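Engineer: The following block contains the structure, expressed as structure tokens.
What follows is calculated from the coordinates using simple rules that are stated; it is not laboratory data. All figures in this text were calculated on a predicted structure; none of them were measured in a lab. Cβ coordinates were reconstructed from backbone atoms using ideal geometry, including for glycine residues, and neighbour counts include every protein chain displayed.
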Amino acid sequence: MVLNDEEYVMSGNWTEQHIPDQHGRVAIVTGANTGLGFETARMLAERGAGVVLAVRDIDKGRQAAARITGDVTVQALDLTSLDSIRSAAADLRAAHPRIDLLINNAGVMYTPRQSTADGFELQFGTNHLGHFALTGLLLDRILPVPGSRIVTVSSTGHRIQAAIHFDDLQWERSYSRVRAYGQSKLANLLFTYELQRRLASHGATVAVAAHPGVSNTELMRNTPAALRLPVTWLAPLLTQKAEMGALPTLRAATDLAVTGGQYYGPGDRLEIRGYPKLVTSSPDSHDDAVQQRLWAVSEELTGVTFPLGLAER
């Protein structure tokens with residue numbers, strides 16, 4: 001049976017129809033030209049938000065913007081370059097005196113060993129350090145805004161062979177694309193929880209995390225060869241469309257019941273697919289000492305400090 005929009009709302013499942021009116025709000029979505037980011041931006045714009053597609057490829061960003069109904073602009077942002085991040089942040093600050101939503105969505109997955117322009121391992125540099133730097137550089141535009149949120153997209157991969165390898169963060173001695181991805185996604189959660197702790201005394205802004213389950217997007221293109229065929233066969237059974245995968249992020253960004261430090265993902269038992277609900281992350285992601293250490297290292301590596309005092313634990 002296919003439900004219409006009203007019946008979806010009545011069913012108790014959180015859907016696109018639950019997104020509150022977003023008129024007057026400014027949302028920045030990284031990696032918004034395709035997949036989860038595109039669907040996130042599209043739904044926010046259709047609810048009235050002014051949405052900035054922060055993307056590496058401007059031409060693809062403009063093509064994406066043309067497919068969205070609403071107030072949509074495009075901003076060049078290459079998360080593999082601190083210079084690009086600083087330039088994008090300067091542009092965004094000049095264009096937007098206030099920012100209501102920063103959605104740290106862009107990411108890479110299971111890439112071969114590569115380095116960013118600044119010498120960081122590509123997955124850690126893009127997924128964590130790039131978003132850490134962008135958030136810090138935009139934070140003073142977010143902090144004064146009532147109801148503002150910073151949403152960072154993690155993954156169930158934060159549980160798979162995942163740890164923060166402080167003795168070899170850039171995987172220079174050895175490299176596992178799966179473990180490196182797990183490190184970057186665990187870092188997303190450690191960052192969110194530590195950021196929320198630091199934001200707590202400032203009142204207006206909260207930090208929240210989300211994950212899309214297993215969604216059928218271009219992110220899967222670097223799946224290791226040994227897994228590619230099984231993944232292709234099982235994809236119709238295990239994956240969901242990008243518009244469903246974006247719902248946990250949208251709930252984290254817009255649901256009025258959300259509080260800081262929460263984590264949203266798909267609602268089925270394995271968190272692979274389904275409507276979004278509050279979920280839990282691994283015990284490693286809640287390690288206070290690792291959160292603080294990663295924060296300090298991230299500030300050192302990026303040269304970005306946040307305009308927040310360090311609250312006592």
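Engineer: Each residue of the stretch 130-141 in turn: what ³J(HN,Hα) in whole Hz from Karplus with 6.51, -1.76, 1.60 and θ = phi - 60°, glycine and Pro shown as x?
Structural biologist: Listing the rounded values in order: x, 6, 4, 5, 4, 4, x, 6, 9, 4, 6, 7 Hz.
Engineer: Counting Lys +1, Arg +1, Asp -1, Glu -1, what net charge surrounds G267 among other residues with beta carbon under 13 Å of its beta carbon?
Structural biologist: Within the 13 Å Cβ shell, the charges total +2.
Engineer: Just S176, S84, S281 to compare: in a GNM of the chain, with alpha carbon springs under 10 Å, which one fluctuates most?
Structural biologist: Among S176, S84, S281, the largest GNM mean-square fluctuation belongs to S176.
Engineer: Apply the Karplus parameterisation 6.51 cos²θ - 1.76 cosθ + 1.60, with θ equal to phi minus 60°, to every residue of the stretch 143-157 and state each ³J(HN,Hα) to the nearest whole Hz, in sequence, with x for glycine and proline.
Structural biologist: So the J values, rounded to whole Hz, are 3, x, 8, x, x, 6, 9, 10, 10, 10, 8, 9, 6, 4, x.
Engineer: Further question on the same structure: Let me have the 222 nm mean residue ellipticity of the chain computed from DSSP H runs of 4+ only, each contributing -39500 (n - 2.57), with the sum over all residues rounded to the nearest 500.
Structural biologist: -11500 deg cm²/dmol
Engineer: Among L250, L169, which comes first, second and so on when ranked by fewest other beta-carbon atoms within 10 Å?
Structural biologist: Details: L250 26, L169 21.
Ranked by crowding around the Cβ, least crowded first: L169, L250.
Engineer: Compute, for the chain, the length of the dipole vector about the Cα centre, with Cβ point charges of +1 (Lys, Arg) and -1 (Asp, Glu) only. Units Debye, rounded to 20.
Structural biologist: 320 debye
Engineer: Another one. Using a Gaussian network model on the chain with a 10 Å cutoff between Cα atoms, which of R42, R149, R197 fluctuates the most?
Structural biologist: For the chain, modelled as a Gaussian network with Cα springs under 10 Å, the answer is R197.
Engineer: Just flag the chymotrypsin sites (Phe, Trp or Tyr not before Pro) in the stretch 143-208 sitting in loop per DSSP whose Cβ has no more than 16 other Cβ atoms within 10 Å.
Structural biologist: Working: sites: F166, W171, Y175, Y181, F191, Y193; in loops: F166, W171, Y175.
Passing both the DSSP loop test and the Cβ count: F166, Y175.
Engineer: Which of the following values of Rg/Rh (Cα atoms, Kirkwood Rh) was calculated from the structure shown: [x] 0.94; [y] 1.05; [z] 0.96?
Structural biologist: [x]
Engineer: Give me the percent of DSSP beta bridges within the chain that run antiparallel, rounded to the nearest 5. Walk me through the numbers before you get to the answer.
Structural biologist: Working: 4 of 29 bridges.
Of those bridges, close to 15 percent are antiparallel.
Engineer: Roughly how many Å is it from the Cα centre of the stretch 259-313 to that of the stretch 62-78, as a whole number?
Structural biologist: After rounding, the separation between the Cα centres reads 28 Å.
Engineer: Could you work out how much longer the chain between R67 and D140 gets when fully extended? Use 0.36 nm per residue separation minus the Cα distance between them, nm to one decimal.
Structural biologist: 23.2 nm
Engineer: In the Gaussian network model of the chain, springs joining C-alpha atoms below 10 Å, which of T280, T111, T156 carries the largest mean-square fluctuation?
Structural biologist: Ranking T280, T111, T156 by mean-square fluctuation puts T280 first.
Engineer: Using 0.36 nm per residue, how much length does the chain from Q292 to R269 gain when fully extended, once their Cα-Cα distance is taken away?
Structural biologist: Full extension from Q292 to R269 adds 5.1 nm.
Engineer: Report the gain in length on full extension from A90 to Y175: 0.36 nm times residue separation, minus Cα-Cα distance, nm rounded to one decimal.
Structural biologist: In short, 27.2 nm is gained.
Engineer: T69: net charge of surrounding residues, Cβ under 13 Å, Lys/Arg +1, Asp/Glu -1, itself excluded?
Structural biologist: Around T69, the surrounding residues sum to +1.
Engineer: Another question, if that's okay. At a 10 angstrom cut-off on C-beta neighbours, averaged per residue, how do the peptides 261-272, 295-306 rank from highest to lowest?
Structural biologist: Highest mean packing first, the order is 261-272, 295-306.
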